[in-house]
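Have a look at the structure below before the remarks.
The values are calculated or read from the model by the stated rules, or taken from the named source; none is laboratory data. Please read all numbers here as calculations on a predicted model, not as lab measurements. Counting neighbours? That spans all protein chains shown, and the Cβs are built from the backbone with ideal geometry, glycine included. Surface accessibility is based on the protein's heavy atoms, side chains included, excluding ligands, DNA and RNA. Shrake-Rupley method; radii C 1.70, N 1.55, O 1.52, S 1.80 Å.
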Amino acid sequence: MKTNKGQHADTDTPESLERRRFFELTAKYGFTAAVVAAAGGLLSRPAAAQTAQEERERERAAEVRMTLATEYRIGATRWYPLMQLNLKENIQNATNGYVYVRLAPAGQLGMGSALAQGVQSNTIQAAQHSISNFSPFAPEVDLINIPYWCGYNQEFVNLVTSDAWKDVVHTKAEERGFKILLYLVLDPRTVAARKGMQRAPLKTPSDLRGVKFRVPASEILQQFYSLAGANPTPVAWGETPSAIQQGVADALDPAVVALYSNGFKDILSWITFNKPVPDSQVYSCNLEWFRGLPPAVQEGIDFASEITFQQNLAQVPASRAYAMAEMARSGVQFYTPTDDELAQWVEACGAQRPEWNGIKEKLAGSLDSFERMREAAQTPSHYYVHDV
């Protein structure tokens, strides 16, 4: 194929053909049918037509249509264990087709806290968002951002499935119009240094002195990195890659899967697994909408959420392995602190420090209530998840 100078002769590549086929299917069958077909590798005309027919039949037979919004595109579960197709399928099956789930992935209906706001107002029935972005609506969930008491995957799972957590956090979330469907384990937060940092890898809090550390809109995380000796620098998530590239911030803390998923593989040098805080997501739905469903349908959605939660736990190590392999190919290196180095992190900013007592009392209700949660995090549950 001939092209003019400066143009790319890529119109017939497999990727461009697949993309064009996806748009054709979207125009013909609708977005949800197209993404379901694409996720199943069914973009050929006969297979896509069959998938679209199945989706039409499911939607036509359903009594209720539910919009499920996420920030990430379909297929991202390979490196980011989001499970959005799983949740759609599980809800439809566990309610015997009573509910049909329309997907709105890739930020179509907003990002971050906008999705939580949409759930609260019932403009969308359910959404995925980070716990940090959920905290303005349900501040109690921010307790997990106090460092070094539930940072490991298993501790986090023990905690969020416990009565101690649900009695406080889920109750408060419901008062504000939310029902928590399930949590998503992504792995603990890290310390990720930009390319060009001479101090990298950042092994201990002493290495963070004076470092411009990007933080989200969580006062707890800002206090955490202040205690660690860094200079907390709030930056909106969408602006963070450019801030790291331009040196506005020197380091940041998401889990490896989140760093890879959001395009940081070419701008980081080292990632340290210091495991202070869970980097997790949550699926919530509008409580009033949920309670308006028949009891059997409510039970079906709860069961579907449980199935999806267990699928997420099984997917975590595979997503991590993929993300790490791809980042390593771009030159990113990984560091696991020694026991002595981890002890320095705990000593400098861990949950045992008195600076955290006011936050514990405010969010947990009392120090005794927080201690009950801490014990729950250390008590084995009947769930298992792999830790980094």
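Sorted by accessible area with a 1.4 angstrom probe, largest first, how do LYS88, LYS362, LYS172 fall?
Result of the area sort, largest leading: LYS362, LYS172, LYS88.
Please state the relative contact order of the chain as a whole percent: Cα pairs under 8 Å, 6+ residues apart?
It comes to 22 percent, rounded to a whole number.
Taking amide H atoms as placed 1.01 Å from N in the peptide plane, list the residues 5 or more away in sequence, or in a different chain, whose amide H sits under 5 Å from that of SER284.
The list, which skips near neighbours in sequence, is ALA127, HIS129, LEU181.
Residue by residue through the range 72-88, which ³J(HN,Hα) values in whole Hz follow from phi under the Karplus form 6.51 cos²θ - 1.76 cosθ + 1.60 (θ = phi - 60°), with glycine and proline marked x?
10, 6, 5, x, 5, 4, 4, 10, 9, x, 7, 6, 5, 5, 4, 5, 4
Could you pull out the pairs from LYS88/LYS195; LYS203/LYS360; LYS195/LYS360; LYS195/LYS275 whose alpha carbons sit more than 32 Å apart here?
LYS88/LYS195; LYS195/LYS360
Okay, which of the range 104-135 sit inside 18 Å, backbone N to the point 7 Å along the Cα-Cβ direction of GLU219?
132-135
If amide H atoms are built 1.01 Å from N in the plane of the peptide, which residues on other chains or at least 5 residues away come under 5 Å of the amide H of LYS195?
The answer is LEU268, SER269.
Just read off the accessible area of TRP289 with the full protein assembly in place, 1.4 Å probe, to the nearest 10 Å².
Accessible area, nearest 10 Å²: 40 Å².
Using a Förster radius of 22 Å, what is the FRET efficiency between THR171 and ALA114 based on their Cβ-Cβ separation? Nearest 0.05, please.
That gives a FRET efficiency of 0.35.
Any idea how far apart ALA321 and ASN262 come out in nm if each label point goes 7 Å out from Cα toward Cβ?
2.6
Give a residue-ordered list of calculated ³J(HN,Hα) values for the range 319-327 (Karplus: 6.51 cos²θ - 1.76 cosθ + 1.60, θ = phi - 60°; whole Hz; x for Gly, Pro).
5, 4, 4, 5, 4, 5, 4, 5, 6
Enumerate the residues in the range 250-282 having an amide nitrogen under 20 Å from the point lying 7 Å beyond the Cα of ASP339 toward its Cβ.
273-276
Relative contact order of the range 269-373, please, whole-number percent, based on alpha carbon pairs below 8 angstrom and at least 6 residues apart.
44
Taking H as built 1.01 Å from N, whose amide H comes closer than 5 Å to the amide H of THR233, not counting residues under 5 places away?
PHE213, ARG214, VAL215
Where does the charge balance sit around ASN231 when Lys and Arg score +1, Asp and Glu -1, over other residues with C-beta under 10 Å from its C-beta?
Net charge in that neighbourhood comes out at +1.
Taking a probe of 1.4 angstrom, what is the accessible area of LYS195 in Å², to the nearest 10?
100
Output the relative contact order of the range 167-307, whole-number percent, from Cα pairs under 8 angstrom with separation of 6+ residues.
41
Rounded if a/c is under 1.5, else prolate if a/b beats b/c, else oblate: with a ≥ b ≥ c from the C-alpha gyration tensor eigenvalues square-rooted, which is the range 291-388?
Oblate shape, in that a/c is at least 1.5 and b/c is the bigger or equal ratio.
Could you give each residue of the range 378-384 its phi-based ³J(HN,Hα) in whole Hz, using Karplus coefficients 6.51, -1.76, 1.60 with θ = phi - 60°, and x for Gly or Pro?
Working through the residues one at a time gives 8, 9, x, 9, 8, 9, 10 Hz.
At 1.4 Å probe size, what's the solvent-accessible area of ASP279? Round to the nearest 10 Å².
10
Would you work out the charge dipole size for the range 118-199 about its Cα centre, treating the Cβ of every Lys and Arg as +1 and the Cβ of every Asp and Glu as -1, and quote it to the nearest 20 debye?
The dipole of the range 118-199 has a size of about 520 debye.
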